[in-house]
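Colleague: Structure provided below as structure tokens; questions to follow.
FYI, it's all coordinate maths here, none of it is from the lab. All of these numbers come straight from a predicted model, not from anything done at the bench. We place every Cβ from the backbone using ideal geometry, glycine too, and count neighbours over all the protein chains shown.
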Amino acid sequence: MDHPRKPPILPTSVSPPPSPGRLPLLGTAAAFANKLTRRPLRAAIVLALALLVLIYNIGTLSVLRRDLGYIFRPLWDTPEPGFNIIKHFAARGDDDNAAWCAAHGWAARTGGKPVVVDAVPVSSELDMLEIRWREYAPYVDMLLVVEANMTFAGTPKPMHFAAHRERFERIAKDAGAKLVYRAVTDFEPNLPSGSFKNEAHQRQVISNLIAAERGSGAIPPGALIIQSDVDEIVSRDTLKLLTTCEGFPEQMHLQVDNYLYSYDQPLNDGGYWRPRVVTVPAGGEAIDYHHGRGADDMLAGAGWHCSFCFPTLEDMRAKMTGYSHNDRLTSTRLLDEKRLRRRVCEGRDPFGMWAVSGVTVSACSPAQPS
Ligand SMILES: *[C@@H]1O[C@H](CO)[C@@H](O)[C@H](O)[C@H]1NC(C)=O
């Protein structure tokens, strides 16, 4: 198998057989480098071109730093430990609650329907909030909402909910629910990008509000508190199950299916774990409103998480610049209308981040109507 022929510099249609103990590609690269040193002019041209490409894509460097961090996340971050998944069965046609609850390992409630509280931080997503509350209407008793006059990043923003409060008072009235609203006006201005400080503060305000409503008796022991962001919506069927049965854990995650940009673009990635239902304890233990891990048990198929599902690009930009993960915004070019529209249409990450996505892409015509 000895071959006296040197590997060619440029790829030809016939590849040379590898010399023993040496990868053909490495051999070619070495020969190429060798050739370059013998031709300084060509080397200079290649280097100049490489430099030009680098300068043109200088923004790419920060993108690379950002994305490599996420790509190699499995190396520097421990993955979310597994959950004990509770299978979720559809309601039975025969209204046999005992059998339906038993299928989940629970029992039918004996004490009547519990008070159901939806507690949610809101920024600008009013349509999503309406969809959510209309979904919850038959089962919800208290709608608890908190908004701020600054973004999480600490820049001034309108209080959209306050400006449209009547719309939501009507929805609450239709649902027979009490609306509890609080404005946060003491966010810290101009936080460094990627800070979660204001977001944590807003959640703390919700915790305090829950404590106040418990104090007044409006949230009694045994009440169910749904803890999830606006775009993480628990299905009506799930609320029916939770209000029909008892015996599930005091804290339980609710697995929701992921969608990106629109409910017709499912990610089919196994869903999202953060939404949670908390049963108000009989004792006085505080209830911490948060978006993290609270339990190991998780009810499957409990709803939908539609991420970046906004009616306008302007709403999308507001989120990209204002939310806690705005450190992903490495260049204002990412906000450019044409590029943003393209990424949305193709179902790619809003920040152009490298991601394996299972989005079923809707047809992207070159000229989308605005
Ligand atoms: C938020 O509201 C507070 C209290 O009304 C006010 O002092 C503050 O200036 C407001 N901040 C912005 C950015 O509008």
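Colleague: Could you give the length gained by full extension between A282 and L335, i.e. 0.36 nm per residue of separation minus their alpha carbon distance, to one decimal place?
Modeller: Working: separation 53, 0.36 × 53 = 19.08 nm, distance 4.90 nm.
Difference between extended and current length: 14.2 nm.
Colleague: Taking the Cα centre of region 84-307 as the origin, how large is its charge dipole in debye, to the nearest 20, when only Lys and Arg (+1) and Asp and Glu (-1) carry charge on their Cβ atoms? Walk me through the intermediate numbers first.
Modeller: On the way: 21 positive and 30 negative charges, 75 e Å.
Here the size comes out at about 360 debye.
Colleague: Now for a different question. Which of rounded, prolate or oblate describes region 192-279 when judged by the alpha-carbon gyration tensor and an a/c cut-off of 1.5? Working shown, then result.
Modeller: Numbers: a/c = 2.50, a/b = 1.15, b/c = 2.18.
In terms of gyration-tensor shape, oblate.
Colleague: For an R0 of 45 angstrom, estimate the FRET efficiency from the Cβ-Cβ distance between D95 and V53 and round to the nearest 0.05. Don't jump to the answer; show the numbers that get you there.
Modeller: Numbers: r = 68 Å, r/R0 = 1.50.
It comes out at approximately 0.10.
Colleague: Can you give the three extents of the C-alpha atoms in region 105-226 along their principal axes, from longest to shortest, in whole Å?
Modeller: Projected onto its principal axes, the Cα set of region 105-226 covers 52, 30, 27 Å.
Colleague: A further question follows. May I ask you to evaluate 6.51 cos²θ - 1.76 cosθ + 1.60, the Karplus curve with θ = phi - 60°, for each residue of region 174-190 and list the ³J(HN,Hα) values in order in whole Hz, giving x for glycine and proline?
Modeller: 4, 7, x, 10, 8, 9, 10, 10, 9, 9, 9, 10, 10, 5, 7, x, 6
Colleague: Related question: For T185 paired with R38, estimate the spin-label separation in nm (one decimal), with each label point 7 Å from Cα along the Cα-to-Cβ line.
Modeller: 7.9 nm
Colleague: Can you check what the net charge comes to around A183, using other residues whose Cβ is under 14 Å from the Cβ of A183 (Lys, Arg +1; Asp, Glu -1)? Walk me through the intermediate numbers first.
Modeller: Numbers: positive: K157, R165, R182; negative: E147, D186.
Its environment carries a net charge of +1.
Colleague: Something else now. What full-extension length gain, to one decimal in nm, is calculated for S216 and R165 as 0.36 nm per residue of separation minus the Cα-Cα distance? Mind showing how you got there, number by number?
Modeller: Numbers: separation 51, 0.36 × 51 = 18.36 nm, distance 2.35 nm.
Working it through step by step, the gained length comes to 16.0 nm.
Colleague: For K173 and S193, FRET efficiency with R0 = 41 Å and r from the beta-carbon atoms, rounded to 0.05?
Modeller: Working: r = 40 Å, r/R0 = 0.98.
In this case the efficiency is close to 0.55.
Colleague: What aspartates and glutamates could a cross-link reach from K113, if we take a straight Cα to Cα line under 18 Å and drop same-chain neighbours fewer than 8 places away?
Modeller: D95, D96, E135, D141, D237, E246, E250
Colleague: GluC sites (Glu not before Pro) within region 229-327: which are DSSP loop residues with at most 11 other Cβ atoms inside 10 Å? Walk me through the intermediate numbers first.
Modeller: Values: sites: E232, E246, E250, E285, E314; in loops: E250, E285.
Counting only loop positions with at most 11 other Cβ atoms within 10 Å, the GluC sites (Glu not before Pro) in region 229-327 are E285.
Colleague: Further question on the same structure: For region 88-143, which trypsin sites (Lys or Arg not before Pro) pass both filters: DSSP loop (anything but H, G, I, E, B) and at most 14 other C-beta atoms within 10 Å? Before the final figure, lay out the partial values.
Modeller: On the way: sites: R92, R109, R132, R134; in loops: R92, R109.
Sparse-neighbourhood loop trypsin sites (Lys or Arg not before Pro): R92.
Colleague: Highest mean first, how do 121-131, 286-296, 332-342 rank when packing is the count of other Cβ atoms within 10 Å averaged over residues?
Modeller: Details: 121-131: 19.8, 286-296: 15.6, 332-342: 13.5.
Going by the mean number of other Cβ atoms within 10 Å, highest first, we get 121-131, 286-296, 332-342.
Colleague: Another question, if that's okay. Taking amide hydrogens as modeled 1.01 Å from N in the peptide plane, which residues meet the under 5 Å criterion relative to K178, leaving out close sequence neighbours?
Modeller: Close amide H contacts, sequence-distant or interchain: M142, L143.
Colleague: Where does each of M353, M316 land when they are ranked from fewest to most other beta-carbon atoms within 10 angstrom? Don't skip to the answer; put the middle values down first.
Modeller: On the way: M353 17, M316 20.
The fewest-first ordering by Cβ neighbours comes to M353, M316.
Colleague: What's the FRET efficiency of T78 with D297 using the Cβ-Cβ distance as r and R₀ = 30 Å, to the nearest 0.05? Don't skip to the end; give the middle numbers.
Modeller: Values: r = 20 Å, r/R0 = 0.66.
Calculated value: 0.90.
Colleague: Follow-up. Under a crude label model (7 Å from the Cα following the beta-carbon direction), how far is H325 from R236 in nanometres?
Modeller: Label-label distance for H325 and R236, simple model: 3.0 nm.
Colleague: I need the P(r) histogram for region 84-307: all alpha carbon pairs, bin width 10 Å from 0 out to the longest distance, whole percents.
Modeller: Percent of Cα pairs in each bin: 8, 32, 38, 18, 4, 0.
Colleague: Please report D349, D231 as a ranked list, fewest other C-beta atoms within 10 angstrom at the top and most at the bottom.
Modeller: Numbers: D349 16, D231 20.
Fewest-to-most Cβ neighbours within 10 Å comes out as D349, D231.
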